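Here the structure is laid out as structure tokens; the discussion comes afterwards.
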Amino acid sequence: MCLRSWDVLVTRQEYDVNLLLVTVFSLVPLGAAHADEPPQTIPSSVVGDPAPDPANPPRSAQVLVPSHGLGMNGLFYLVIE
């Protein structure tokens, strides 16, 4: 039997597809089991801001950043604690 180069290439592509399908279908039950777990509680610091500090209110400061002889506008949000 004489194998040509394209015969080997087709066989390798079929192998890769089969390997991909086996891998995907093997991992599907793991994802379904993980979806059944109850969600974790999210800390309040992630979804909310801290109370404002009246002694040190936040402010913005405009800056000019040099770039290749020109200035780019920038804005800093400053919070002093």
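The values are calculated or read from the model by the stated rules, or taken from the named source; none is laboratory data. Remember, predicted model here, so these are calculated numbers, not experimental data. Cβ placement follows ideal geometry from the backbone for every residue including glycine, while neighbour counts extend to all protein chains displayed.
Worth a mention:
The rows are residues; the columns are (1) surrounded by 10 or more Cβ atoms within 10 Å (Cβ to Cβ); (2) modelled with pLDDT of 85 or more; (3) more than 27 Å from residue 79 (Cβ to Cβ).
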{"site": "18", "(1), (2), (3)": "yes, no, yes"}
{"site": "29", "(1), (2), (3)": "no, no, yes"}
{"site": "34", "(1), (2), (3)": "no, no, yes"}
{"site": "44", "(1), (2), (3)": "no, no, no"}
{"site": "63", "(1), (2), (3)": "yes, yes, no"}
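- Inclusion of residue 8 among residues that are at pLDDT 80 or above and more than 30 Å from residue 78 (Cβ to Cβ) is not warranted.
- If you go through segment 46-56 and keep only what is surrounded by 10 or more Cβ atoms within 10 Å (Cβ to Cβ) and either at pLDDT 85 or above or among the polar types (S, T, N, Q) (or both), you end up with just 56.
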